[in-house]
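Encoded as structure tokens, the structure appears first; notes follow it.
Each reported figure results from applying straightforward, stated rules to the coordinates on display, with no laboratory input. Note that this is a predicted model, so its numbers are computed, not measured. In this analysis, Cβ positions are derived from the backbone assuming ideal geometry, glycine residues included, and neighbour counts consider all displayed protein chains.
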Amino acid sequence: MRKKKSRLVQQEIKAFYLFLSPWIIGMVLFTGGPLIASFLFSFTSYDIVKPPVWCGLSNYKEIFSDKIFIQSLKVTLKYVMGAVPLNVIGALILATILNQKVYGLSIWRTIYYLPVVTTGVAVSLLWSWVLNPEFGIVNTLLQKIFGIRGPDWFYSERWAIPSFILMSIWGVGGPMLIYLGGMQGIPTQLYEAAEIDGASWWQSYIHITLPLITPVIFYNLVTSIIGTFQVFTPAFIITQGGPNYASYFYVLNLFKHAFQYYHMGYASALAWILFVVVLILTIIAFRIANYWVYYEEKR
Amino acid sequence: MRGFRVQAKIKSKKVSNILVKAILYVIIIALSVLFAFPLFWMISTAFKSNEQIFAEPPIWIPKPIVFENFSNAWNKLPFNLFLKNTIIITLTATIGIIISSSLVGFAFAYLEWPGRDIWFVIMLSTMMLPAQVTMIPIFILFTKLGWVNTFKPLIIPAYFGGGPFYIFLLRQFFLTIPRELFDSATVDGCTSLDIFIRIALPLVKPAISAVAIFSFMGHWNDFMGPLIYLRSTEKYTLSLGINMFRGYEGITMWGELMAVSLVAAIPCLAIFFIAQKYFIQGITLTGLKG
């Protein structure tokens, strides 16, 4: 009996290594190790060719007095503050509309989700074509229908960030689909009970739907904050950070330091600052979540 | 009297309901047009001649439909090669993601091991880690290994865990399988590996399809990874090829640029249409557990 048990235990151990060794190696090589390494690199001057030289806090000092860094942070915050609320709230409204037992739900859902499927370089080029100041269809239509001379969009210092925000709203189908999943998971008995009690549509929306999907709102909020901070491809493709650094996003600056100038130490410090900023925002979101996010266990 | 009033109330409620519904449909349809329009415009531009592209007033549907944008673009750069490279990277990385994330997801769902729940939380929290924090040391590692300008940096990491989102998704699906199924198999003398391959995997096919689709789209559209690691033109992916084409052509050849963009977008669109069911199931699950 005892022998049998030990064989079982041995089997469990074997299974453990079999299933988890790739993940453990991955965690060490591609997550944990690099996390520590980039922290250490951030205190060095390192160009890959020569070994890293310890330089204390000088990268950080240099960063905080660098005008381009300040500009990139400003631009990114502006973008985040525009894109995150518009996407999180816009997606909620869209999901609410689609959740009203409309005909052809799957068709509408597909149409709103399509832009999310096509991301990357192709979409960036598409938007720079649609919003082209001279020949783009948006400005052509503005001129024809309203007689307005449209802005220069990506080519104008003032309109560059709003253009990127507009482009980000096109991807609102992503969070929308997650909301819809949450809304469809709410038991219908709750609505039936509310209807019997004479609740209006708005009342049951405010008192049943919204509280029950607050965890989903929270999920979308956090993932959206993290995602928008890391915007890179559209800026790299469309504006290269211009005009006059008006769309010089944080990660674009980091990318240039790391892979064009090979300032690996400096870029690592930039990465850690980004990490800390995102972490602080996430912690704040979690703290505030205690006041408005509804979890069933707490009932 | 009372009954009559209630009836009248119901009637007026019905009328206003119809009105509300009508407004809803107007909004839904108007928004659909707005959302679908850019993609429509991409397709339309790709099949127009230059005169049609810059015509005033704008031409909505190309007439005649021309294919010169495609042939011109293909004559200028080896897009077939870029397409081949993208397919190789996307497929081999996706296979890696499926294998490793299903192994790990299963281990988090059914195997007992010390610290499992703590590690699960740690793994989930790595989802919030910006990729830029680990990107530089990983680049240095691959540089020292001599893997720059090969596909390896874009493929090999997929075989080591597959990423927290996929592991999470698969774990949730594995947890929906009744445990008794595994217990009785264990009594019958099956090892964990047998259970995994013969019982668990076939039962989570929809989840694996969802992971496959997500991973396919992620790798297909990836730009920063290839931009960092691939140097010579013959190694380029479609994303890099289009980026190169943009620089090389100037920004005026809109027909050709839209033609290559369309080709880059089509596989993802096609897969989305074919496998929509699994895709939406996968996303919906994240919402439920959110």
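What's the center-to-center distance, using Cα atoms, between the range A:222-297 and the range A:162-212 in Å?
Between the Cα centres of the range A:222-297 and the range A:162-212 lies a distance of 29 Å.
Just want the answer: with Cβ charges of +1 for Lys and Arg and -1 for Asp and Glu, which residue in A:GLN11, B:VAL187, B:LEU141 is farthest toward the dipole's positive end in the protein assembly as shown?
Checking the options against the dipole of the protein assembly as shown, the answer is B:VAL187.
What does the extension gain come out to for A:ALA285 and A:SER65, with contour length at 0.36 nm per residue minus their alpha carbon separation?
This chain segment gains 76.3 nm when fully extended.
Going by C-beta contacts inside 10 Å, put A:TRP54, A:TRP23 in order with the fewest on the left.
A:TRP54, A:TRP23
With only Lys, Arg, Asp and Glu charged, each at its Cβ (+1 for the first two, -1 for the last two), find how big the charge dipole of chain B is about the Cα centre; round to the nearest 20 debye.
1320 debye
With the cut-off at 32 Å, tell me which of the pairs B:LYS21/B:LYS205; B:LYS144/B:LYS205; B:LYS84/B:LYS277; A:LYS50/B:LYS235; B:LYS76/B:LYS277; A:LYS256/B:LYS235 have Cα atoms farther apart than that.
From B:LYS21/B:LYS205; B:LYS144/B:LYS205; B:LYS84/B:LYS277; A:LYS50/B:LYS235; B:LYS76/B:LYS277; A:LYS256/B:LYS235, over 32 Å: B:LYS21/B:LYS205; B:LYS144/B:LYS205; B:LYS76/B:LYS277.
Could you work out [θ]222 nm for the protein assembly as shown from helices alone, using -39500 (n - 2.57) per DSSP H run of at least four and dividing by all its residues? Round to the nearest 500 deg cm²/dmol.
About -22000 deg cm²/dmol.
If you take the charge dipole of chain A about its Cα centre, with +1 on Lys and Arg Cβ and -1 on Asp and Glu Cβ, which of A:GLY242, A:GLY182, A:SER168 is farthest toward its positive end?
Positive-end residue among those listed: A:GLY182.
Computed FRET efficiency, Cβ-Cβ of B:LYS205 and A:GLU195, R0 41 Å: what is it to the nearest 0.05?
Computed FRET efficiency for B:LYS205 and A:GLU195: 0.60.
Of A:LEU20, A:GLY82, B:ILE88, which is farthest towards the positive pole of the protein assembly as shown's charge dipole, taken about the Cα centre with +1 and -1 on the beta-carbons of Lys, Arg and Asp, Glu respectively?
Ranked along the dipole, the leading option is A:LEU20.
Which far-off residues, 5 or more places away or on another chain, put their amide H under 5 Å from the one on A:THR44, with H placed in the peptide plane?
A:CYS55
Counting other beta carbons within 10 Å of each residue's own, what order do A:ILE283, B:ILE99, B:ILE136 fall into, fewest first?
Neighbour counts put them in this order, fewest first: A:ILE283, B:ILE99, B:ILE136.
Helix check for chain A. Which DSSP H runs span at least 15 Å along their own axis by Cα, with a mean Kyte-Doolittle hydropathy no less than 0.5?
A:67-98, A:105-117, A:173-184, A:210-229, A:264-292
Tell me, what is a quarter of the convex hull surface for the C-alpha atoms of the range B:71-289, in nm² with one decimal?
Working: hull surface 58.3 nm².
The Cα convex hull of the range B:71-289, projected and averaged over all directions, gives 14.6 nm².
How long is the gain from B:GLU234 to B:PHE40 if the chain were fully straight, where each residue apart is worth 0.36 nm and the alpha carbon distance is subtracted?
Between B:GLU234 and B:PHE40, full extension yields 66.7 nm more.
Based only on other Cβ atoms within 10 Å, what is the fewest-to-most ordering of B:ASP222, A:ASP66?
Ranked by crowding around the Cβ, least crowded first: A:ASP66, B:ASP222.
In nanometres, what is the gap between the two model label sites at B:THR252 and B:LEU269, each 7 Å from Cα along Cα-to-Cβ?
Placing both labels 7 Å beyond Cα along the Cβ direction yields 2.8 nm.
Any chance you could tell me what percent of the C-alpha pair distances in chain A go past 32 Å?
47 percent
Starting from the Cα of B:LYS63, step 7 Å along the direction of its Cβ; do the same at B:LEU181; then give the gap between the two resulting points in nm.
Going by the 7 Å Cα→Cβ label model, 5.7 nm.
Rounding to the nearest 20 debye, state how big the charge dipole of the protein assembly as shown is about its Cα centre with +1 on each Lys and Arg Cβ and -1 on each Asp and Glu Cβ.
1080 debye
What number in nm² do you get for the range A:1-127 if you take the convex hull of its Cα atoms and divide its surface by four?
18.1 nm²
Test of understanding: extend the Cα→C-beta vector of A:ASP47 to 7 Å, then name every residue of the range A:257-293 with backbone N under 17 Å from that spot.
A:257-268
For the protein assembly as shown, what D do you get in µm² per second when you plug the Kirkwood radius from alpha-carbon pairs into Stokes-Einstein at 20 °C and 1.002 mPa s?
Translational D for this selection: 81 µm²/s.
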